[in-house]
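J.: Following this message is one structure expressed as structure tokens.
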There are 2 protein chains.
Amino acid sequence: MFQQLFDSIQEKVTVTPAEMDICKTFFIPKKLRKKQTLLQEGDICIHNAFVEKGIMRSFFTDEKGNEHIVQFAIEGWWITDLSSFLTKSNSIYTIEALEDCELLLLTMEARETLIDKIPMFERYQRLLLQNAYIANQARINSALTETAEEKYVKVGLAYPGIIKRVPQHMIASYLGLKPETLSRVRKQISTRI
Amino acid sequence: MFQQLFDSIQEKVTVTPAEMDICKTFFIPKKLRKKQTLLQEGDICIHNAFVEKGIMRSFFTDEKGNEHIVQFAIEGWWITDLSSFLTKSNSIYTIEALEDCELLLLTMEARETLIDKIPMFERYQRLLLQNAYIANQARINSALTETAEEKYVKVGLAYPGIIKRVPQHMIASYLGLKPETLSRVRKQISTRI
């Protein structure tokens, strides 16, 4: 159950087997069936979730009832509403399983204790945050400057595992495109290959 | 010169005076006159800058020649292109002084050494990253869901120091609004007060 997490940690920092064993005790394993939620809009996000198996998404619904996908997370990724998790404010997101999922959950208290006990876990968290920040920044820039085709090609190259496992209308939602726009873009690309 | 930085660190973590003295040796003081740049688009961002005095902005220019403001930073804030800084890639941003500024600069090497020497500096950096991530997330949500008036009111409440010191066309650029839209919104608000 902990293999993906161990790989993720060891990819970024060096920890001893003993530290890994301590680490393990702080996580709560959780299984979700497809379409079950980890967090519902309006609730406080009390877990930072690591995906051992499956694929999750976070999204919010605007006033017109349209869903906007904020993030996907496959094996080896973290997903949470960091803002709600850290500030204990009500979340505007829903976090849902798109396949049957196996998660490892970390509460705020467990995270703080773990950070105090194992300094390398603090470094691991900092490096995750750096990557998340960079990804968010890239997304803002992409939204402001790129064409539909550029956005689709870029996300396809960066996350081939996601493009294959997620319905196209969700990819469109993630990219801020209408489903018909994405469909047209995909046709254009396929005629050129 | 280091007062704002010390306040910023002590607001988030506990460090000893001796650690503060070590900290000081890693920063390079730098003065910029109004309109001088810390970073130019196309260069690699080699500094993470802390603002002791003045106000900075980062922005990029789109293909049509329009400037988009990504961030302002006043006293007590950090500014950098984190993506370029961390990955040593060419920056798409320019970082410029909007007033005469006094900065404290940290190179990547200095930052890494400081993090190794003073664990609380690593925590400080993690907490800064958390805040930056939350602010970015809020900005993405705002861009997707809020009206021009909501955006302006929110930024005015959150950052009154910036609204007063920065030309209105730059506030408009930061909010992704046309200057004339912002002008109309401000008139609407003032007739109601």
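J.: Run the dipole for segment A:146-193 about the Cα centre, Lys and Arg Cβ at +1, Asp and Glu Cβ at -1, nothing else charged, and hand back the magnitude in debye, nearest 20.
T.: On the way: 9 positive and 4 negative charges, 36 e Å.
It comes to approximately 180 debye.
J.: Also, I was wondering about something else. Within segment B:141-193, list the GluC sites (Glu not before Pro) lying in a DSSP loop whose Cβ has at most 16 other Cβ atoms in a 10 Å radius.
T.: Values: sites: B:Glu146, B:Glu149, B:Glu150, B:Glu180; in loops: B:Glu146.
Taking segment B:141-193 and a limit of 16 other Cβ atoms within 10 Å, the loop GluC sites (Glu not before Pro) found are B:Glu146.
J.: Which helices, taking whole DSSP H runs in chain A, have alpha carbons extending 24 angstrom or more along the helix axis plus mean Kyte-Doolittle at least -1.0? Write out the running numbers ahead of the final one.
T.: Values: long enough: A:119-145 (39 Å, -0.28).
Both cut-offs are met by A:119-145.
J.: In addition: On the accessible surface of segment B:67-134, probed at 1.4 Å, how many percent belong to carbon and sulfur atoms?
T.: Numbers: 1250 of 2340 Å².
Carbon and sulfur: 53 percent of the exposed surface of segment B:67-134.
J.: Something else about it: Taking the full set of protein chains and a 1.4 angstrom probe, give the accessible area of A:Thr191 in square angstrom, rounded to the nearest 10.
T.: The value for A:Thr191 is about 110 Å².
J.: Oh, and also: Order B:Ser183, B:Ser83 by their accessible area, 1.4 angstrom probe, all chains in place, largest first.
T.: On the way: B:Ser183 55, B:Ser83 35 Å².
From most accessible down to least: B:Ser183, B:Ser83.
J.: How much net charge surrounds B:Leu98 when only other residues with a Cβ under 13 Å from its Cβ are counted (Lys, Arg +1; Asp, Glu -1)? Walk me through the numbers before you get to the answer.
T.: Details: positive: B:Arg33, B:Lys34, B:Lys35, B:Lys53, B:Arg57, B:Lys164, B:Arg165; negative: B:Glu67, B:Glu75, B:Glu96, B:Glu99, B:Asp100.
Computed value for this residue: +2.
J.: Using amide H atoms built 1.01 Å from N in the peptide plane, name the residues 5+ places from A:Val70, or on other chains, whose amide H lies under 5 Å from its own.
T.: A:Ser58, A:Phe59, A:Phe60
J.: Rolling a 1.4 angstrom probe over the protein heavy atoms, how many square angstrom per residue are accessible across chain B?
T.: Working: 9770 Å² over 193 residues.
So chain B comes to 51 Å² accessible per residue, rounded to a whole number.
J.: If you don't mind, there's one more thing I want to ask. In sequence order, what are the phi-derived ³J(HN,Hα) couplings for segment B:34-40 according to the Karplus relation 6.51 cos²θ - 1.76 cosθ + 1.60 with θ = phi - 60°, rounded to whole Hz, with x for glycine and proline?
T.: Each residue of segment B:34-40 in turn: 3, 6, 6, 10, 8, 9, 10 Hz.
J.: Using a 1.4 Å probe, how large is the accessible area of A:Leu127, given in Å² and rounded to the nearest 10?
T.: Accessible area, nearest 10 Å²: 40 Å².
J.: Compute a Gaussian network model of chain B, connecting alpha carbons closer than 10 Å, and tell me which residue from B:Gln40, B:Gln137, B:Gln125 fluctuates the most.
T.: Highest fluctuation of the listed residues: B:Gln137.
J.: Another one. Only sites in a loop by DSSP and with at most 15 other Cβ atoms within 10 Å count here; which trypsin sites (Lys or Arg not before Pro) in segment A:76-181 make the cut? Working shown, then result.
T.: Working: sites: A:Lys88, A:Arg111, A:Lys117, A:Arg123, A:Arg126, A:Arg139, A:Lys151, A:Lys154, A:Lys164, A:Arg165; in loops: A:Lys88.
In loop regions of segment A:76-181 (DSSP not H, G, I, E or B), the sparsely surrounded trypsin sites (Lys or Arg not before Pro) are A:Lys88.
J.: Which distances, in nm and shortest first, link the B:Ser190 label point to the same label point in every other copy, taking 7 Å along Cα→Cβ?
T.: 5.6
J.: Rounded to the nearest 10 Å², what accessible area does A:Tyr93 have for a 1.4 Å probe in the complete protein model?
T.: The value for A:Tyr93 is about 10 Å².
J.: If you take the accessible area of B alone plus A alone and subtract the pair, what total do you get in square angstrom, rounded to 100, with a 1.4 Å probe? Write out the running numbers ahead of the final one.
T.: Working: alone 11190 and 11190 Å², together 19550 Å².
Summing both sides, the interface buries roughly 2800 Å².
J.: Same structure, new question: Where nothing but the Cβ of Lys and Arg (+1) and of Asp and Glu (-1) is charged, how large is the charge dipole of segment B:87-193 around its Cα centre, in debye to the nearest 20?
T.: Result for segment B:87-193 is approximately 500 debye, rounded to the nearest 20.
J.: So who's got an amide H within less than 5 Å of the one on B:Tyr93, skipping anything under 5 residues away but keeping other chains? H placed 1.01 Å off N, in plane.
T.: Answer set, sorted by chain and number: B:Gly42.
J.: Using each residue's phi in segment B:95-105, evaluate 6.51 cos²θ - 1.76 cosθ + 1.60 at θ = phi - 60° and report the 3J(HN,Hα) Karplus result to the nearest Hz, with x for Gly and Pro.
T.: Computed from phi, the couplings for segment B:95-105 are 10, 9, 7, 9, 9, 4, 10, 10, 10, 10, 9 Hz.
J.: Further question on the same structure: For the protein assembly as shown, with the dipole built from +1 on Lys and Arg beta-carbon atoms and -1 on Asp and Glu ones, taken about the Cα centre, which of A:Ile115, A:Leu129, A:Asn90 lies farthest toward the positive end?
T.: Going by the Cα projections, it comes out as A:Asn90.
J.: While we're looking at this one, here's another question. Under a point spin-label approximation (7 Å from Cα along Cα-to-Cβ), what is the A:Ala110-A:Gln10 distance to one decimal in nm?
T.: In this crude label model, A:Ala110 to A:Gln10 measures out at 2.1 nm.
J.: DSSP loop (so not H, G, I, E, B), at most 13 other Cβ within 10 Å: list which GluC sites (Glu not before Pro) in segment A:59-94 pass both filters. List each step's numbers first, then the result.
T.: Details: sites: A:Glu63, A:Glu67, A:Glu75; in loops: A:Glu63, A:Glu75.
Those that pass, being in a loop and sparsely packed, are A:Glu63.
J.: Rounded to the nearest 20 debye, what is the charge dipole size of the protein assembly as shown about its Cα centre when +1 sits on each Lys and Arg Cβ and -1 on each Asp and Glu Cβ? Could you put the intermediate results ahead of the total?
T.: Values: 50 positive and 48 negative charges, 200 e Å.
Using Cβ point charges on Lys, Arg, Asp and Glu, the protein assembly as shown gives about 960 debye.
J.: A:Gln36 to A:Gln168: extension gain in nm, 0.36 nm per residue of separation minus the Cα-Cα distance? Provide the component values of the computation, followed by the final result.
T.: Numbers: separation 132, 0.36 × 132 = 47.52 nm, distance 2.02 nm.
Separation in residues times 0.36 nm, less the Cα-Cα distance, equals 45.5 nm.
The values are calculated or read from the model by the stated rules, or taken from the named source; none is laboratory data. What you see is a predicted model, and the numbers here were worked out from it, not measured in a lab. All Cβ positions, glycine included, derive from the backbone under ideal geometry; neighbour counts span all protein chains shown. Note: accessible area is taken over every heavy atom of the protein model, side chains too, but ligands, DNA and RNA are not part of it. Shrake-Rupley method; radii C 1.70, N 1.55, O 1.52, S 1.80 Å.
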